[in-house]
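Asker: Okay, handing you the structure first.
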Amino acid sequence: MASDQRRGFNDGLAMANSYYAATARPAPSFPKLDGSIEADLVVVGGGATGLSAALHAAERGLSVVLLEGGRIGWGASGRNGGHLIPGMRLSAPTLVKTFGVERARELFELALEARSLMVDLIARHGIDCDLKLTGHLSAAVKPADMRDLAEEVECLNTVMGYPHAELLSAEEARREVDSPYEGGLLDRLGGHFHPLNYTLGLATAAQDAGVQIFEGSTAIALEKGARVLVRTAGGQVLARHAVLAGDALMGRLEPKIAGHIMPVANYVVATEPLANARELIPHDVAVADTRFVLNYYRMTADGRLLFGGGERYTPNPPRDMASFVRPYVEGVFPQLRGVRIDHAWGGLVSITMTRMPHVGRDGSIHFAHGYSGQGAILSTYTGKVLVQAILGDDRAFQALADLRPPAFPGGAALRAPLHVLGMLWYAFRDRI
Ligand SMILES: Cc1cc2nc3c(=O)[nH]c(=O)nc-3n(C[C@H](O)[C@H](O)[C@H](O)COP(=O)(O)OP(=O)(O)OC[C@H]3O[C@@H](n4cnc5c(N)ncnc54)[C@H](O)[C@@H]3O)c2cc1C
């Protein structure tokens, strides 16, 4: 982590050039922490996990301080693809194979609770975030992918008792997206939203509930004793409990948990507003294809194609992010060749070895991270679950904590080179 300047923190990935920053609703800015402060709970991280924890704790009567190193929503929560994908990152059949039917059902239920929570919060706090519950399409690239999707629909419908997923033929998929696919899985409870406006809305709700929020206030040291002490460059917070919600940007603040996740940079563009938006995606679904390094895309409220594609396993972003993503856009939609790209930015996705989140506690510290590219819905819920655990209700917390994804081989120091080799292999397989 570089500086704790409000605008400098995590700016290497050009958040300021993002479509979301350009269309952010007016929101309060928050001061830097200056001096010493005490609270029941200190939260590190102003993304959806941290803000949700802070909001739910304040609603339950705790005094809460939230420290954000950059600006609210400057991490993945304010720059992601905005796809709302019901369920866990692992498919339903994989959940069943890995955890058995009963636990798989329990995990899937939690994920559905997560979706309901998010929809409720948006309604309850009147968060204006372009929420569209128009569906999510997993689009099959290879014939073999159709077999997997058929198995998934069957498992969702029968084992999970989830009637909202259906298998689409190539022709039916073409009615959803004007690009040739083998077919797809349409989940009617999916959709998309404006993640930064959602995150800013959560911050306003948290502030209204009494949370003291500080931006430009990177937590640089954590001391555990009878109480937890979190230090920033300008001050410190002494609290009974801490929630660590820094995800891919947390660095080595707590090395014991850092080695369980691996940050992978992913790049996103938004085109100019398109006259033919409704021809490309007639029913406004969000689409992700079945490649290992997937293409994911959807329309924005003002008719732009917002498209994520391409990962890089080197620490340095491409010099020109728009040119880096353009071939992926034009590969899916050749009809958009030469389209103007108005916004290009990147973000860090935190993945775990098992692609299931790493959630847990160490004394008075609770943490959650590593949603592996599917945290837009789960992060808000997990923040609430951490607070429930702090207040003595462990039901959902334990189900998530029991997932225990292992640390990456080599820990925080060596995880990158080893994992990069693995990722490159899968990316190569995509190409052949
Ligand atoms: C490019 C991209 C596309 C994605 N697309 C999707 C998608 O379409 N659908 C989906 O479901 N998921 C998607 N994801 C994943 C999803 O965005 C994340 O899982 C989720 O936002 C994580 O939320 P969080 O609050 O845990 O972390 P973040 O939103 O990253 O928040 C962590 C915050 O903590 C702050 N922080 C870190 N360390 C410190 C410290 N020491 N002191 C103070 N503050 C600190 C950071 O500045 C940051 O603001 C995507 C992610 C990326 C990067």
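The values are calculated or read from the model by the stated rules, or taken from the named source; none is laboratory data. Given the structure is predicted, the values throughout are model-derived calculations rather than measurements. Every residue, glycine among them, receives a Cβ derived from its backbone with ideal geometry; neighbour counts consider all protein chains shown.
Asker: Taking the condition more than 30 Å from Val101 (Cβ to Cβ), in contact with a strand residue (DSSP E or B) (Cβ under 8 Å, 6 or more places away or on another chain) and hydroxyl-bearing (Ser, Thr, Tyr), does Tyr198 pass?
Answerer: So Tyr198 fails the test.
Asker: Can you name the number of the only condition in (1) within 15 Å of the ligand (Cβ to nearest atom); (2) more than 22 Å from the chain's Cα centre (by Cα); (3) assigned to a strand (DSSP E or B) that His241 fails?
Answerer: Here His241 meets the rest and fails (1).
Asker: May I pose another question? Considering every residue within the range 40-62, establish whether at least one is in a helix (DSSP H, G or I), within 30 Å of Glu154 (Cβ to Cβ) and touching a residue at least 12 places away in the same chain (Cβ under 8 Å).
Answerer: There is no residue in the range 40-62 that is in a helix (DSSP H, G or I), within 30 Å of Glu154 (Cβ to Cβ) and touching a residue at least 12 places away in the same chain (Cβ under 8 Å).
Asker: Does Ala173 satisfy the criteria of being under 20 Å from the mean Cα position of the chain (by Cα), among the aliphatic types (A, V, I, L, M), assigned to a helix (DSSP H, G or I) and surrounded by 20 or more Cβ atoms within 10 Å (Cβ to Cβ)?
Answerer: Considered against the rule, which asks whether it is under 20 Å from the mean Cα position of the chain (by Cα), among the aliphatic types (A, V, I, L, M), assigned to a helix (DSSP H, G or I) and surrounded by 20 or more Cβ atoms within 10 Å (Cβ to Cβ), Ala173 comes out as no.
Asker: Can I ask one more? Kindly evaluate Ala221 against the criterion of being surrounded by fewer than 23 Cβ atoms within 10 Å (Cβ to Cβ), within 11 Å of the ligand (Cβ to nearest atom) and small (Gly, Ala, Ser).
Answerer: Judged against the criteria, Ala221 is a match.
Asker: Got at least one residue in the range 209-216 being within 16 Å of the ligand (Cβ to nearest atom), assigned to a strand (DSSP E or B), under 18 Å from the mean Cα position of the chain (by Cα) and crowded, with 22+ Cβ neighbours inside 10 Å?
Answerer: No: the range 209-216 contains no residue that is within 16 Å of the ligand (Cβ to nearest atom), assigned to a strand (DSSP E or B), under 18 Å from the mean Cα position of the chain (by Cα) and crowded, with 22+ Cβ neighbours inside 10 Å.
Asker: Being of a type in the set (Asp, Glu), surrounded by fewer than 20 Cβ atoms within 10 Å (Cβ to Cβ) and more than 21 Å from Arg298 (Cα to Cα) is the requirement here; does Asp120 meet it?
Answerer: Yes, satisfied.
Asker: For Thr49, are the conditions met, namely being closer than 25 Å to Leu348 by Cβ and more than 16 Å from the ligand (Cβ to nearest atom)?
Answerer: No: the conditions fail for Thr49.
Asker: Take Arg71 and tell me if it is closer than 18 Å to Ala206 by Cα, of a type outside the set (Asp, Glu), more than 12 Å from the ligand (Cβ to nearest atom) and out of contact with any Cys (no Cβ under 7 Å at 6 or more places or on another chain).
Answerer: So Arg71 fails the test.
Asker: Pairs, please: C-beta under 6 Å, at least 6 apart or cross-chain, first residue under 18 Å from Asn80 (Cβ atoms) and in the range 319-343, second assigned to a strand (DSSP E or B) and aromatic (Phe, Trp, Tyr)?
Answerer: Met321/Tyr267; Phe324/Tyr267; Val325/Tyr267; Val329/Phe307
Asker: Any idea how many residues of the range 21-39 are outside any strand (DSSP E or B) and either among the charged types (D, E, K, R) or within 11 Å of the ligand (Cβ to nearest atom) (or both)?
Answerer: Number of matching residues: 4.
Asker: Return yes when Pro93 is in a helix (DSSP H, G or I) and modelled with pLDDT of 95 or more and no when it is not.
Answerer: Yes.
Asker: Next question, about the same structure. Report every pair of residues separated by at least 6 positions or lying on different chains whose Cβ atoms are under 9 Å apart, first residue within the range 184-195 and closer than 15 Å to Ile377 by Cβ and at pLDDT 95 or above, second assigned to a strand (DSSP E or B) and basic (Lys, Arg).
Answerer: Within 9 Å, the pairs are Gly191/Lys132; Gly191/Arg298; His192/Lys132; His192/Arg298; Phe193/Lys132.
Asker: Could you list, ordered by first residue, the pairs with Cβ atoms under 9 Å in which the first is in the range 287-308 and at pLDDT below 95 and the second is polar (S, T, N, Q) and away from the ligand (no atom under 13 Å from the Cβ), at least 6 apart or interchain?
Answerer: That search, which allows pairs on different chains as well, returns nothing.
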